Amino acid sequence: MVSVGDGIAWIAGLPSAAMDEVLLLEDGSQALVFDLNQGLLGAILLHDTEGLTAGSTVRRAGRPLSTPVGDSLLGRVVDPLGLPLDGLPPPSHNGQQRLEGPSPAIIRRDFVHQPLYTGIKIVDALVPIGKGQRQLIIGDEGLGRSSLAIDAVIHQRGQDVYCVYVLIGQKRSTVVNTLQILRDHGSLEYTCVVVAEASALPGLKHLAPYTGCAIAEFWMERGRDTLVVYDDLSTHARTYRELSLLLRRPPGREAYPGDIFSIHAGLLERSTCLNAAHGGGSMSALPIVETQQGDIASYIPTNLISITDGQIYLDADLFAAGFRPAIDIARSVSRIGGRAQHPAIKAEAGRMKLDYLQFMELEVFTRFGAKLDAAMEKPLRRGRLLREILKQDRLAPLPVECQMAWLVAFNDGLLDPIEPERVGEALNRFYVRARESGLSLEASREGWSLAVADWLGDLKAPLPVGRGVGGEGA
Ligand SMILES: Nc1ncnc2c1ncn2[C@@H]1O[C@H](COP(=O)(O)OP(=O)(O)OP(=O)(O)O)[C@@H](O)[C@H]1O
Ligand SMILES: [Mg+2]
């Protein structure tokens, strides 16, 4: 070893070492070959040790890095090497999976064709996600990006989807908080959490998403549906930049190394939906990325937008105005999820979206104080109502039948008589009815109409809904 420090080591005298090969260090710790130079090898350290100095001996392990995988990782919190962080014994694993593997070949893949419900109204109705899809969650700091991902994980309870939540470079308090939420909602049972805290070695922060991916990949290859959250890839990119600069690679745009695009593309390409001949498993991915002042044109966000199948954009103004989740519908898109959406939901959501777009256009005029035609009153009112309906508390994901219920009620105009400020409260009771009824998406549109009218009728009695307001402006 020539020198060591800052989480990396320079090593001479191992001419045959290969990229991504594990190195065994004198004090029992390990490193990973990360950079091949003439005569000199750059390696990232995988253990925080004091015992290394220049001159320590290094041996090749002759194998790439792998992580324990298998069902025993459910409910566990591990570091990027698969070692337990939850104080329990190491998970008894079913096998090892390479951290950096190739992505599935085209012939093994299928089109995304099944919905993956997040329980978030705006997402499931307007930016639907399918199993195997990669959907970016993008926005400034503190706008609820992690909350969206956590809600999506919580909603998989009882859905037969195994989840992996990867926390990259997060504060200890955020890690503890996330674990607590998952535990409180009974979500750890079907989830594995991979953690590389802010204070972890840069090498470990770099590897964390690969570990999460490998764990999910093992399940996907065995026919399971999985969901991986990468929280977040901005930190991951910064860590990779740090390592690259330490290893003296030439910096490119925003000082990121030129291969950061292929690093992220390689990771996200491993998420897919396998075809029936290959077990039919899937790996959906929710990578999270942070923007500065909403600038989606900076390097890492644009890269990720072009790699993923769509994005959910969180907006600071919406958040400040109390519209939460602060998803900007106009700037969010799902390029492939629509195909996987249930036809019944798709039809209702399509109608609702038209109303919403019309409303947004009209609202611009009202801001200028323009006097609007009486005929415009109704769409404006309905738009305001819709905005209230779309607000949703965190940690309260909604079953898809409830989504169908409010969509039908809204499209049939049954919610119009309710004051916008009251609609949230009314809907909560309405959802209880929808849940109890057990009505499925396969029921006819007429069946839904009748049922929904019935549930709302029941609500009217105890609820002071402004009678007769419905005719206003019509
Ligand atoms: N649907 C919601 N309704 C009300 N408050 C919300 C909602 N979603 C998120 N919040 C609040 O917004 C704040 C930020 O949420 P969160 O931590 O998920 O954002 P983030 O973008 O991941 O932030 P960070 O930059 O810290 O990672 C939290 O206080 C959270 O409680
Ligand atoms: Mg967060």
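The values are calculated or read from the model by the stated rules, or taken from the named source; none is laboratory data. Quick caveat: nothing in here was measured; it's all calculated off a predicted structure. All Cβ positions, even for glycine, are placed from backbone atoms using ideal geometry, and neighbour counts span all protein chains on display.
See the values below:
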| quantity | calculated |
| --- | --- |
| Residues of the range 164-180 satisfying the condition of being farther than 23 Å from SER282 by Cβ and within 12 Å of ligand 1 (Cβ to nearest atom) | GLY169, GLN170, LYS171, SER173, THR174, VAL175, ASN177, THR178 |
| Options SER234, SER271, SER244, SER282; residue that is assigned by TED's automatic domain parsing to the domain that holds LYS171, among the small types (Gly, Ala, Ser), within 16 Å of ligand 1 (Cβ to nearest atom) and in contact with a strand residue (DSSP E or B) (Cβ under 7 Å, 6 or more places away or on another chain) | SER234 |
| Qualifying positions in the range 62-99 - out of contact with any strand residue (DSSP E or B) (no Cβ under 7 Å at 6 or more places or on another chain), charged (D, E, K, R) and more than 16 Å from TRP219 (Cα to Cα) | none |
| Residue count for the range 220-237, restricted to those that are surrounded by fewer than 24 Cβ atoms within 10 Å (Cβ to Cβ), more than 16 Å from ligand 2 (Cβ to nearest atom) and part of a helix (DSSP H, G or I) | 1 |
| Single condition ALA297 does not satisfy, out of (1) of a type in the set (A, V, I, L, M); (2) farther than 26 Å from TRP219 by Cα; (3) within 16 Å of ligand 1 (Cβ to nearest atom) | (3) |
| Condition check for LEU182: free of Cβ contacts under 8 Å to residues at least 60 places away in the same chain and within 15 Å of ligand 2 (Cβ to nearest atom) | yes |
| Lone unmet requirement of (1) within 26 Å of GLY266 (Cβ to Cβ); (2) not assigned by TED's automatic domain parsing to the domain that holds CYS163 for GLY82 | (2) |
| So ARG109, is it among the basic types (Lys, Arg), touching a residue at least 24 places away in the same chain (Cβ under 8 Å), surrounded by fewer than 24 Cβ atoms within 10 Å (Cβ to Cβ) and more than 16 Å from ligand 2 (Cβ to nearest atom) | yes |
| Among the candidates ASP48, ASP35, residue that is on the phi < 0 side of the Ramachandran plot and loosely packed, with under 14 Cβ neighbours inside 10 Å | ASP48 |
| Test: residue in the range 153-163 that is within 13 Å of ligand 1 (Cβ to nearest atom) and not hydroxyl-bearing (Ser, Thr, Tyr) | yes |
| Single unsatisfied condition, ALA321 versus (1) touching a strand residue (DSSP E or B) at 6+ places or on another chain (Cβ under 7 Å); (2) within 22 Å of ILE137 (Cα to Cα) | (1) |
| Residue selected from the range 113-153 under the condition of a type in the set (S, T, N, Q) and within 11 Å of ligand 2 (Cβ to nearest atom), by the criterion surrounded by the fewest Cβ atoms within 10 Å (Cβ to Cβ) | SER147 |
| Count - residues of the range 271-311 that are crowded, with 22+ Cβ neighbours inside 10 Å and closer than 30 Å to PRO251 by Cα | 11 |
| Positions within the range 91-116 being of a type in the set (Lys, Arg) and assigned to a strand (DSSP E or B), in sequence order | ARG98, ARG109 |
| Flag if ARG134 is more than 28 Å from ILE300 (Cβ to Cβ) and basic (Lys, Arg) | no |
| Residue satisfying condition, being within 16 Å of ligand 1 (Cβ to nearest atom), touching a residue at least 12 places away in the same chain (Cβ under 8 Å) and closer than 28 Å to THR235 by Cα, within set GLY70, GLY75, GLY130, GLY119 | GLY119 |
| Checklist (1) away from ligand 1 (no atom under 16 Å from the Cβ); (2) under 27 Å from SER298 (Cα atoms) applied to ARG183, failing item | (2) |
| Qualifying residue in the range 408-423 (condition: assigned to a helix (DSSP H, G or I), aliphatic (A, V, I, L, M), at pLDDT 95 or above and closer than 16 Å to ILE120 by Cα) | no |
| Residue in the range 154-171 that is farthest from ARG394 (Cα to Cα), counting only those that are surrounded by fewer than 21 Cβ atoms within 10 Å (Cβ to Cβ) and more than 14 Å from ligand 2 (Cβ to nearest atom) | ASP160 |
| Counted residues, the range 256-293 - those being part of a loop (DSSP other than H, G, I, E, B), farther than 20 Å from TYR313 by Cα and not acidic (Asp, Glu) | 9 |
